[in-house]
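The values are calculated or read from the model by the stated rules, or taken from the named source; none is laboratory data. Source: prediction; values computed, not measured. In this analysis, Cβ positions are derived from the backbone assuming ideal geometry, glycine residues included, and neighbour counts consider all displayed protein chains. For accessibility, only protein heavy atoms count, side chains too; no ligands or nucleic acids. Shrake-Rupley method; radii C 1.70, N 1.55, O 1.52, S 1.80 Å.
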Amino acid sequence: MREYADIRAVLPHRHPVLLVDRVVELKEFASIVTLKAVSGSEPCYAQMDEGLPASAYAYPGSLLLESFGQSGALLWLESLRSRG
């Protein structure tokens, strides 16, 4: 398992654009399982009005895609690092 500090050592992204908090599982050149903790204090929720339905707080698809991309980059970079 890799923690936040380990991820920061590999990816150039920083808060609020670093969208991977933990690597739970990594199989070199095959698969990765990552976690992102999402809370109401995320920057994407900062300007939301009071009283909105829960559905308004769905995590934005663009940020989901970015977190997938960062996870893929971690898989690739960590796989290369282990071979080198």
Return one number: the angle in degrees, 0 to 90 and rounded to the nearest 10, between the long axis of the Cα atoms of helix 61-83 and the longest principal axis of the Cα atoms of the chain. 10
Using a 1.4 Å probe and counting only protein heavy atoms, arrange R81, R8 so the residue with the most accessible area comes first. R81, R8
For the chain, whose charge dipole is built from +1 on Lys and Arg Cβ atoms and -1 on Asp and Glu Cβ atoms, the candidate among A56, V33, C44 with its Cα farthest towards the positive end is V33
Percentage relative contact order, the chain, counting C-alpha pairs under 8 Å, at least six apart: 35
Count neighbours as other Cβ atoms within 10 Å of each site's Cβ, and list the GluC sites (Glu not before Pro) in the stretch 34-84 that are DSSP loop with at most 11 such neighbours. E50
So, counting K/R as plus one and D/E as minus one, what does the shell of residues with Cβ under 10 Å around T34 add up to? +1
Could you list the residues of the stretch 27-69 with an amide nitrogen less than 15 Å from a label point located 7 Å from the Cα of R8 in the Cα-to-C-beta direction? none
If eta is 1.306 mPa s and T is 10 °C, what Stokes-Einstein diffusion coefficient results for the chain, Kirkwood Rh from Cα pairs, in µm²/s? 113
Charge tally for neighbours of R14 with beta carbon under 14 Å away, counting Lys, Arg as +1 and Asp, Glu as -1, is -1
